[in-house]
Amino acid sequence: MSNLCIPYFEDDFIEHTFNTDLGSSGWLQKNGYDQQTIKKFRSARNNLLFEAFKKSHPIKTSTLDFLSDIREDFRTCLVTNSYNKTFIQLPGSNELARSFDAIAFREDYRQAKPAPDAYLSALEKMRLSPHQVIVVEDSPRGIEAAKNASLKVVAIRNPEFPSLNLSKANFQIGRLEQLRNLVSKIQ
């Protein structure tokens, strides 16, 4: 974020967003930046992300079809570190939201991933216990959060971030379509 004179680059974003428990705001706080600077940084970062999302591929029809299909047999909940006000600004967010039975937004829980709070909030919303749930995650922080909530985790690689270490998941798949077969083996 050079316009704020903060030496923060794409590799830093990936590291702090997906691999550590800090997040970019936590990294700034740890490095002595004041709350006003952090707020400006967050706003600038979010604007860049929204622009990138607008240019990137929309949510694939095949993903929405898969979610619709899997909801015939399973209840689903989206668990995100995004606040609702941020999420609804993303292209395709309405279609994605309608594809889940519930959503656990960042304002629904106290501590962000990798703390278990996000998944504990989802369990409460869905009125489920850990043994009834299988989590699908695409980030190390999310995997750690789910494991910290005593949940089984299936990792799926995000093509936008292929270098993320997903090895701590219980299972790994290459495509969402493989999930149904894996779930039948796990149950």
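Worth pointing out:
- Given (1) at pLDDT below 95; (2) in contact with a strand residue (DSSP E or B) (Cβ under 6 Å, 6 or more places away or on another chain); (3) farther than 28 Å from GLY26 by Cα, index of the condition MET126 fails: (1)
- Residue satisfying all of: in segment 5-14; surrounded by 15 or more Cβ atoms within 10 Å (Cβ to Cβ) and assigned to a helix (DSSP H, G or I); modelled with the lowest pLDDT among these: ILE14
- Test for ASN46: is it within 21 Å of GLU160 (Cα to Cα), in the same structural domain as SER167 (by TED's automatic domain parsing) and either at pLDDT below 85 or not basic (Lys, Arg) (or both): no
- Filtered residues of segment 26-46 (kept if exposed (fewer than 11 other Cβ atoms within 10 Å of the Cβ) and touching a helix residue (DSSP H, G or I) at 6+ places or on another chain (Cβ under 7 Å)): none
The values are calculated or read from the model by the stated rules, or taken from the named source; none is laboratory data. Because the structure is a prediction, the values reported are computed rather than measured. Ideal geometry is used to build each Cβ from the backbone, glycine not excepted, and the neighbour counts take in all protein chains shown.
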